[in-house]
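Colleague: Below you'll find the structure I mean.
None of the figures in this text is laboratory data; all of them are computed from the coordinates on show. Since the structure is predicted, the reported quantities are computational estimates derived from the model, not experimental observations. Ideal geometry is used to build each Cβ from the backbone, glycine not excepted, and the neighbour counts take in all protein chains shown.
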Amino acid sequence: MSTQQIKVLVVDDNPANVALVERILTKEGFATQPALSGEAALLLLQKSLYDLILLDINMPGLDGFSTCQRIKAHPTLAKIPIIFLTAEQDEAAITQAFRVGGVDFVRKPFNAAELAARINTQAELKRYRDFLEQRISDEINHRLAVVEIHQLEMAETQKQVIELMGTLAETRSRETGQHVRRVAEYSHILALQSGLTPDQAEIIKIASPLHDIGKVGIPDAILHKPGKLTDDEFVVMKGHARLGWEMLHQTNQPLLKIAACIAGTHHEKWDGTGYPEGIKGEEIPLEGRITAIADVFDALSTERSYKAAWPLEQIIGLFRQGRGTHFDPNLVDGFLTHLDRFLEVRERLKDPFPQSHSLEIPPAH
């Protein structure tokens, strides 16, 4: 998507701020439309659609949070990415921005290059999501027009598209295609032992490769940073869970709805200290609880360019320690009971070539 095609609605009650943003974006080739209040923005959105919205938080009347919630409640407008503009330094305000549906934030005063890059990233992400939904929808509609004998072929095609998208996300974050396949197999084992039917377990297996699809929307400078992330960078990184949910949940495809659930909840923790929502216990959907264990086990037990694999005894110790705090205790019991099956999958789907790495074993995240 070229910048000439990107229409940006700029919402800020300060005309000087709006003028500054418009000058920056016009110079970068974006088309802009100003709105000096949340109410004015909602009126403009009734008449025209935009590719992205820049939204100030502190405004009289309808503030940024309330405006965002009104937009996200509208079925046609909900897919428009919203980047919050803020001078806030309070962590709680940034967290609330993501909670109400924002996909990113930019602090005032603005850096022109950063603002343009953030807009381009989110516009590309929206285009990518729309393409994915349309591709799967077109494929399914085409298959439904064929006689019943081709229904299995349709399901296989949908599975392949999902696995391809999952592999793309993992490749961008320096993972491997085998990672998403192993996570799928581990999730299938846990789903069956948790009491789900074979059909339900198969759906989780097919959907789980998209657990980190939101990473396609995280800036490279953060995603590939070799050292420890700053607090602000970590807030952005954690946003990949919400980004994945945003990308996938607005669809009529059952598989993508399950994938959206997994993407949005696989970093929640049993004791409520996870993200993005901080939900706990059985409030966390079973699909997310299952994929959390599968993802952590694979991250710890396989070698990467930046780390060594953990010894099995240390991995077992971490899961025992995290039983009832990080992880669903019943699923941890099932994982330990069927550990031999996990190890068989790990061996069968191991990465084809050893990766050079630091000998240091980092702490679990």
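Colleague: If I take every Cα pair under 8 Å that is 6 or more residues apart in the stretch 3-125, average their sequence separation and divide by the length, what percent do I get for the relative contact order? Each step should come with its number before you reach the end.
Modeller: On the way: 198 pairs, mean separation 28.5, N = 123.
For the stretch 3-125, the relative contact order is 23 percent.
Colleague: Continuing with the same structure: Under 19 Å Cα to Cα from LYS108, which lysines show up? Leave out anything in the same chain fewer than 8 places away.
Modeller: LYS27
Colleague: Roughly speaking, what is the stretch gain from LEU336 to ALA87, that is 0.36 nm per residue apart minus the C-alpha to C-alpha distance, in nm to one decimal?
Modeller: Details: separation 249, 0.36 × 249 = 89.64 nm, distance 4.78 nm.
So the chain would gain 84.9 nm between LEU336 and ALA87.
Colleague: Could you derive backbone 3J(HN,Hα) for the stretch 9-23 from the dihedral phi with the Karplus parameters 6.51, -1.76 and 1.60 (θ = phi - 60°), listing whole Hz in sequence and x where the residue is Gly or Pro?
Modeller: 8, 9, 10, 7, 6, 9, x, 5, 5, 4, 4, 5, 5, 4, 5
Colleague: A further question follows. Which pairs, out of LYS225/LYS307; LYS72/LYS269; LYS225/LYS257; LYS269/LYS307; LYS215/LYS269, put more than 22 Å between their alpha-carbon atoms?
Modeller: Violating the 22 Å limit, Cα to Cα: LYS72/LYS269; LYS225/LYS257; LYS269/LYS307.
Colleague: For a test of the definition: using alpha carbon positions, the gyration tensor, and the 1.5 limit on a/c, classify the stretch 1-64 as rounded, prolate or oblate.
Modeller: On the way: a/c = 2.54, a/b = 1.40, b/c = 1.81.
In terms of gyration-tensor shape, oblate.
Colleague: Can you work out the FRET efficiency for the pair ALA309 and ASP232, with r the C-beta to C-beta distance and R0 = 30 Å, to the nearest 0.05? Numbers along the way, then the final one.
Modeller: Details: r = 31 Å, r/R0 = 1.03.
Using R0 = 30 Å, I get an efficiency of 0.45.
Colleague: Oh, and also: Which of TRP270, TRP245 has the fewest other C-beta atoms within 10 Å, and how do the rest follow up to the most? Each step should come with its number before you reach the end.
Modeller: Details: TRP270 24, TRP245 21.
Lowest count first: TRP245, TRP270.
Colleague: Nearest 0.05, what FRET efficiency do LYS47 and GLU22 give at R0 = 22 Å with Cβ-Cβ as r? Can you show the working numbers first?
Modeller: Values: r = 19 Å, r/R0 = 0.86.
For R0 = 22 Å, the calculated efficiency reads 0.70.
Colleague: While we're looking at this one, here's another question. Based on other C-beta atoms within 10 Å, arrange GLU114, GLU28 from fewest to most. Mind dumping the intermediate values first?
Modeller: Details: GLU114 13, GLU28 17.
Neighbour counts put them in this order, fewest first: GLU114, GLU28.
Colleague: Neighbouring Cβ atoms within 10 Å as the yardstick, rank ILE189, ILE222, ILE262 fewest first.
Modeller: In increasing order of surrounding Cβ atoms, one gets ILE222, ILE189, ILE262.
Colleague: I've got another one for you. How many angstrom lie between the Cα centre of the stretch 286-316 and the Cα centre of the stretch 10-47?
Modeller: A separation of 45 Å, based on Cα centres.
Colleague: Right, another one. Mind listing the long-range amide H neighbours of LYS307? Cut-off is under 5 Å, sequence gap 5 or more, other chains count too, H placed in the peptide plane at 1.01 Å from N.
Modeller: Counting only residues 5 or more places away or on other chains, the set is SER358.
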